[in-house]
1. Please go through the stretch 56-80 and give me each residue that is farther than 10 Å from S206 by Cβ, assigned to a strand (DSSP E or B), in contact (Cβ under 8 Å) with a residue 24 or more places away in the chain and open to solvent by 10 Å² or more (accessible area, probe 1.4 Å), ordered by number.
2. What single numbered condition from (1) under 23 Å from L40 (Cβ atoms); (2) of a type in the set (A, V, I, L, M); (3) in contact (Cβ under 8 Å) with a residue 40 or more places away in the chain fails to hold for L153?
3. Just to be sure before I move on: is D53 of a type in the set (D, E), closer than 17 Å to N130 by Cβ, part of a loop (DSSP other than H, G, I, E, B) and touching a strand residue (DSSP E or B) at 6+ places or on another chain (Cβ under 8 Å) in the structure I sent?
4. So, R168, is that one under 15 Å from C86 (Cβ atoms) and surrounded by fewer than 20 Cβ atoms within 10 Å (Cβ to Cβ) or not?
5. Can you confirm whether R101 is assigned to a strand (DSSP E or B), open to solvent by 40 Å² or more (accessible area, probe 1.4 Å), touching a residue at least 12 places away in the same chain (Cβ under 8 Å) and in contact with a strand residue (DSSP E or B) (Cβ under 7 Å, 6 or more places away or on another chain)?
6. Just need a number here: residues in the stretch 187-203 that are over 26 Å from D76 (Cα atoms), touching a strand residue (DSSP E or B) at 6+ places or on another chain (Cβ under 9 Å) and open to solvent by 10 Å² or more (accessible area, probe 1.4 Å).
7. Filter the stretch 204-232 down to the residues that are among the charged types (D, E, K, R) and under 21 Å from V28 (Cα atoms), then identify the one that is surrounded by the most Cβ atoms within 10 Å (Cβ to Cβ).
8. For the stretch 114-121, state whether one or more residues are hydrophobic (A, V, I, L, M, F, W, C) and within 22 Å of I36 (Cα to Cα).
Amino acid sequence: MWPFMLLLAASVVSASSSFAAVREMKAVRTDVPPKIDGVLDDPCWRKAVPTSDFVQMDPDEGKLATEQTIVRVLYDDDNLYFGIECLDSRPDKIVARLVPRDSNFWPGDLISIVLDTFHDHQTCFGFQVNPFGIQRDFRSTEDGRRTWSGLDLAWDGLWWSKGRITDRGWTVEIAIPFKTLRFPRKSEQIWGVNIQRYQSSKNEDSDWSFISRDDGGIIKVSKAGHLVGLRD
């Protein structure tokens, strides 16, 4: 009995440790920016460092997402670029609505990005897109303690996005000008970052850096990973 209990305890500690480690997402400088058309075929995306292994918040908290999301990040002197592929074995089940900017996308498929540019584990800029690239943005403070009702939805940033539904799922390209954001005056930046995907056909929420149901969602930026590689 005792060896079994020790083995069980060790497995629980191992699982917890995998979420305790801070994840890193690397931004790679590019001289030629991608064309923001929702197609990840630009040569620059090939030198980006892909990251994946999204973990479910719902419905099976702590398990890997049933269908993964692949994220690539680039930057140049002016913009931060995200190229995101949402794999979906049933692309005909993807839900995307043509709605005005800053509308509620529910219950459609969705990607959310938060950037803690001061890396204070308290504040973030938020960017959301659906499979058509339609935008919604916000700011959040206090590490999300006021939950989604405390968002500053009046904030409107200047950024570009385009999405497409494919035979593998859907893809989106995003360009966020640095002048849209605020960040410290440092030659090397480390920002907090997290990305959440909602897959409507499975009612599944998954995050790049693990978020539990008790955390209240992706605006819990103290649970974000690190965006590294931003220099000069």
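The values are calculated or read from the model by the stated rules, or taken from the named source; none is laboratory data. Since the model is a prediction, treat every value here as computed from it, not as a measurement. For neighbour counting, all protein chains shown are included, and Cβ atoms are generated from backbone atoms with ideal geometry for every residue, glycine included. Side chains included, ligands, DNA and RNA excluded: accessible areas come from the protein's heavy atoms. Shrake-Rupley method; radii C 1.70, N 1.55, O 1.52, S 1.80 Å.
1. Of everything in the stretch 56-80, those that are farther than 10 Å from S206 by Cβ, assigned to a strand (DSSP E or B), in contact (Cβ under 8 Å) with a residue 24 or more places away in the chain and open to solvent by 10 Å² or more (accessible area, probe 1.4 Å) turn out to be R72, Y75, N79.
2. Here L153 meets the rest and fails (1).
3. no
4. yes
5. On the way: assigned to a strand (DSSP E or B): no; open to solvent by 40 Å² or more (accessible area, probe 1.4 Å): yes; touching a residue at least 12 places away in the same chain (Cβ under 8 Å): yes; in contact with a strand residue (DSSP E or B) (Cβ under 7 Å, 6 or more places away or on another chain): yes.
Here the answer is no, as R101 does not meet what is asked.
6. 3
7. The residue in question is R231.
8. There is at least one residue in the stretch 114-121 that is hydrophobic (A, V, I, L, M, F, W, C) and within 22 Å of I36 (Cα to Cα).
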